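The values are calculated or read from the model by the stated rules, or taken from the named source; none is laboratory data. Please read these numbers as outputs of a predicted model, since none were measured by experiment. Methodologically, a virtual Cβ is constructed for each residue, glycine included, from the backbone with ideal geometry; neighbour enumeration extends over all protein chains shown. What goes into the accessible areas is simple: the full protein's heavy atoms, side chains included, and nothing from ligands, DNA or RNA. Shrake-Rupley method; radii C 1.70, N 1.55, O 1.52, S 1.80 Å.
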Amino acid sequence: MIPPARFGSGAIQMIDKLKNTALACVVALSVATPAAAEQVVVTADKMIDVLAGKTVEHPAIFITDGRITSVADARTVRWGAGVKHINLTGKTILPGLIDMHVHLTGLAEVGGYQGLRYTDSFWTAIGVANAKTTLKAGFTTVRNVGSADFADVGLKQAIEGGFVPGPRIVPAGYAIGATGGHCDGGGFPPSLDHKSPSVVDSPEEGRAKVRWLHKFGARVIKICATGGVFSLGDAVGAQQLSFEEMKAIADEAHMLGLKVAAHAHGNDGIRTAIEAGIDTIEHCSLADDATIKLAAQKKTWFDMDIYNDDYILATGTANGTEQESLDKEKMIGRLQRETFQKAVRAGVPMLFGTDAGVYPHGDNGKQFAKMVEWGMTPMQAIQAATVSGAKALGQESDVGAIAVGHYGDIVAVVGDPLSDVTVLEHVTDVVKGGVLVD
């Protein structure tokens, strides 16, 4: 390079001008011209407004780059030729549905020891198929509460990367429980014993496990506060984590900005989880009146899977489910539904969670009818699967409603779900982020 001192002042000014011009060109080339925002409008005959609790006629939902920009009356607005029109004439639209309790890497068709016939990675592959089925059933957001090998985290990443279709996933990774408990592997001899990544046996281990799960992608923490139906060798209602362990887990998760869900069938475990500050209680089968009252007072969410009893008992041992598990289900199935009814009447905040994976994925919508049968109005059941789910996830600005700023997640049905909630079992169209799902 020739030193500037070799040139006169005019030449130096010319060089500076050329340098500035070149720099401007580099900047112009390095900053790509933004692509035109993708604009979509969705129209239908009716819309269920879950925030206002009413039906809106002739909605027009405008979506730009995946988020809703306005909600208008299709009879009075116009849109340009560059706006993609998703025409759902003759149908009723709702927000994309939220299932707060699924196991995408589980198969209802494979129960008990039959699962040992498959290699570990089989379950991740199954998750891909189940994610697509779940999305097509109208569930655009799910909370996956337990998955080995962080398969749900990987599935979330693949969906967000556009590699496979599926819902928005809030993953838990491994569920946390005590040695020999519902989250530990039971039913095997000591020669096959190993410490599961799920196991904690002290408050300190609980805190460390939360940090480890968060490190590798968990966005909700799941604990097993009591025994379960499908865990062999334990009592379904017996408490399995202490108050100190639950509170340590809850405190650590909340410090990291994570919510905590507790699998809990028995009353003692449910009550202890509420007192420890757990955010949502799953199953809630044997909660007594005092515990239900406590949940209502503390505004602790109940997430009750009251449909799957029908499938479990109808299938019996045909899929490999052990008789021990069936006996447990027979004991709690009816009681869980009665508890659900009491909780609704008491004003406990309720969610929509199905435990899909215990029964076939894609049948999630069958729970709506059970919720109505056992005490909810159709609007309450729909709100449990939309606005309430969003609030419990801490995502009320993103999902759970057809409202400005939310993702353009919309489902359509033929008929009026407020007069016949079973139409939600037959979703005809799904829009996720403004894109019509094939």
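Entry comment: accessible area of segment 272-327 is 36 Å² per residue, from protein heavy atoms only and a probe of 1.4 Å. For Asp45, nonlocal amide neighbours, meaning residues 5 or more places apart or on other chains whose placed amide H falls under 5 Å from its own, are Gly90, Lys91. Which whole-angstrom value gives the distance between the alpha carbon centres of segment 344-396 and segment 219-253? Rounded to whole Å, the Cα centres lie 22 Å apart.
Using only helices, what value at 222 nm comes out for the chain when you add -39,500 (n - 2.57) per DSSP H run of length 4 or more and divide by the total residues, to the nearest 500 deg cm²/dmol?
Details: 12 runs with 145 residues, N = 438.
Mean residue ellipticity at 222 nm (helix-derived): -10500 deg cm²/dmol.
Across segment 306-313, coupling constants 3J(HN,Hα) worked out from phi with the 6.51/-1.76/1.60 Karplus curve, θ = phi - 60°, read 8, 8, 5, 3, 4, 5, 4, 6 Hz, and Gly and Pro carry x. Cβ-Cβ distance of Asp438 and Ala37, R₀ of 30 Å, FRET efficiency by 1/(1 + (r/R0)^6): the value works out to about 0.85.
The HN-Hα couplings worked out from phi for segment 129-136 by the Karplus form 6.51 cos²θ - 1.76 cosθ + 1.60 (θ = phi - 60°) are 5, 5, 5, 5, 4, 5, 4, 5 Hz, whole numbers, x standing for Gly and Pro.
Using a probe of 1.4 angstrom and keeping all protein chains present, the accessible surface of segment 347-432 works out to 30 square angstrom per residue. Accessible surface comparison of Arg345, Arg271, probe 1.4 Å, protein chains only, largest first: the order is Arg345, Arg271.
Quote the relative contact order of the chain in percent (integer), defining contacts as alpha-carbon pairs under 8 Å separated by 6+ residues. The value is 18 percent.
If you take the beta carbon distance between His254 and Ala318 as r and set R0 to 41 Å, what does 1/(1 + (r/R0)^6) give as a FRET efficiency, to the nearest 0.05?
For His254 and Ala318, the calculated efficiency is 0.45.
Distance between the modelled labels on Leu192 and Arg334, one decimal in nanometres: 3.5 nm (7 Å Cα→Cβ projection). Applying the Karplus relation 6.51 cos²θ - 1.76 cosθ + 1.60 with θ = phi - 60° to segment 94-105 yields 3J(HN,Hα) values of 9, x, x, 7, 10, 9, 8, 8, 10, 10, 5, 9 Hz, where x marks Gly and Pro. Phe216 contributes about 90 Å² of solvent-accessible surface, heavy atoms of the protein only, 1.4 Å probe. Full extension of the chain segment joining Ala290 with Asp268 gains 6.8 nm, where the gain is 0.36 nm per residue of separation less the Cα-Cα distance. Rolling a 1.4 Å probe over the protein heavy atoms leaves Lys215 with an accessible area of roughly 150 Å². Amide H to amide H distances under 5 Å link Met100 with Arg143, Phe352, Gly353, Thr354, where only residues 5 or more positions off or on other chains count and H is placed in the peptide plane.
Between Phe243 and Tyr118, the simple spin-label model (points 7 angstrom out along Cα→Cβ) gives 4.1 nm. Compute the helix-to-body angle for 9-30: its Cα long axis versus the longest principal axis of the chain, expressed 0 to 90° and rounded to tens. Once rounded, the angle reads 30 degrees. Expressed per residue, the C-alpha convex hull volume of the chain stands at 203 Å³.
What does the extension gain come out to for Tyr311 and Ser70, with contour length at 0.36 nm per residue minus their alpha carbon separation?
Using 0.36 nm per residue and subtracting the Cα-Cα distance, I get 82.6 nm.
Projecting the Cα atoms of His361, Gln380, Gly405 onto the charge dipole of segment 310-438 (Cβ charges, centred on the Cα centre) puts Gln380 farthest toward the positive pole.
Surface composition of the chain: carbon plus sulfur atoms hold 54% of the accessible area, using a 1.4 angstrom probe and ignoring ligands, DNA and RNA.
When you count the other C-beta atoms within 10 angstrom of each residue and take the mean per peptide, 72-78, 429-435 line up highest first as 429-435, 72-78. Computing FRET efficiency as 1/(1 + (r/R0)^6) for Thr89 and Asp149, where r is the C-beta to C-beta distance and R0 is 41 Å, gives about 0.35. Where the centroid of each part is defined by its Cα atoms, how far is segment 110-150 from segment 282-305 in Å? Taking the Cα centre of segment 282-305 as reference, the centre of segment 110-150 is 28 Å away. With a simple spin-label model that places each label point 7 Å from the Cα along the Cα-to-Cβ direction, the separation between Ala129 and Lys215 comes to 3.5 nm. Under 5 Å from the amide H of Trp301 lie the amide H atoms of Ile281, each residue being 5 or more positions distant or on a separate chain, with H modelled from the backbone and absent for Pro and chain starts.
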